[in-house]
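The structure under discussion appears below in the form of structure tokens.
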Amino acid sequence: MICYAMCGSFCTLQHSFDILEAMAHGGVDFLPVMSEKTYSTDTRFGKAEHHISKFEEICGKKVIHTIQDAEPIGPKLRPDAMIICPCTGNTLSKIANGITDSAVTMAAKSHLRNNKPLVIALATNDALSANLVNIGKLSSRKNIYFVPMHQDDPDKKPSSLIAKFEMLPETLEKAMSGQQVMPLFLGKI
């Protein structure tokens, strides 16, 4: 079983669902986790209720969306790996700095204590500014792997990075054997 968490990069949720669905059709068993904001926020990219329903339909399980429900993931459920896709800069910085105040950060903390891979598919507008230090911190930590990323709009959003979500299956496969897919930072896509 793989724990699959989603954070509030709302414009990338559909892309994440597409990758998740393809992997689930390939036979991967997923445990769904959503940040509280993603679980409860309607945006121009869709209603929260629709995202929850879609996530539960793909995974065949209820979405975990509270700290209390996420805490047992590590000690009781013991997934083989955890994916955060999309991972916001906010969540990235919390994981890098040991802050556990959401369902996703609690799931990550709980999962990492089992020395199993955590795969991060970043989607944030501040990756090359405020969050660059956090990418560095997490890149050097054991059992944390990044889906390779690129600048999605260097002219209008010069500090923004987004993971190449299509590389999530390959990144997960490599992470399961303790390897980071390289290069981490991709050229123009």
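Coordinate-derived values only; no laboratory data. The structure displayed is predicted, hence computed values, not measured ones. Note that we place each Cβ from the backbone using ideal geometry, even for glycine, and neighbour counts take in every protein chain shown.
Residues that are surrounded by fewer than 21 Cβ atoms within 10 Å (Cβ to Cβ) and touching a Gly at 6+ places or on another chain (Cβ under 8 Å) within segment 4-15 comprise just one, 14.
Sort through 116, 142, 174, 157 and tell me the only one that's basic (Lys, Arg) and within 17 Å of residue 89 (Cβ to Cβ).
Details: 116 fails: within 17 Å of residue 89 (Cβ to Cβ); 142 fails: within 17 Å of residue 89 (Cβ to Cβ); 174 fails: within 17 Å of residue 89 (Cβ to Cβ).
From the options 116, 142, 174, 157, the qualifying one is 157.
Yes/no matrix, rows are residues, columns are (1) touching a residue at least 60 places away in the same chain (Cβ under 8 Å); (2) touching a strand residue (DSSP E or B) at 6+ places or on another chain (Cβ under 9 Å); (3) among the charged types (D, E, K, R):
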{"position": "61", "(1), (2), (3)": "no, yes, yes"}
{"position": "88", "(1), (2), (3)": "yes, yes, no"}
{"position": "98", "(1), (2), (3)": "no, no, no"}
{"position": "107", "(1), (2), (3)": "yes, yes, no"}
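A quick yes/no check of all residues on (1) free of Cβ contacts under 8 Å to residues at least 40 places away in the same chain; (2) surrounded by fewer than 23 Cβ atoms within 10 Å (Cβ to Cβ); (3) not acidic (Asp, Glu):
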site: 2; (1), (2), (3): no, yes, yes
site: 17; (1), (2), (3): no, yes, yes
site: 21; (1), (2), (3): yes, yes, no
site: 25; (1), (2), (3): yes, yes, yes
site: 30; (1), (2), (3): yes, yes, yes
site: 33; (1), (2), (3): no, no, yes
site: 38; (1), (2), (3): yes, no, yes
site: 45; (1), (2), (3): yes, yes, yes
site: 58; (1), (2), (3): no, yes, yes
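When residue 114 is tested against (1) touching a Gly at 6+ places or on another chain (Cβ under 8 Å); (2) in a loop (DSSP other than H, G, I, E, B); (3) over 16 Å from residue 175 (Cα atoms), just one condition goes unmet, and that condition is (3).
Pairing each residue of segment 70-83 that is on the phi > 0 side of the Ramachandran plot with any residue that is buried (at least 21 other Cβ atoms within 10 Å of the Cβ), provided the two are 6+ apart or on different chains, yields C-beta distances under 9 Å for 78/111.
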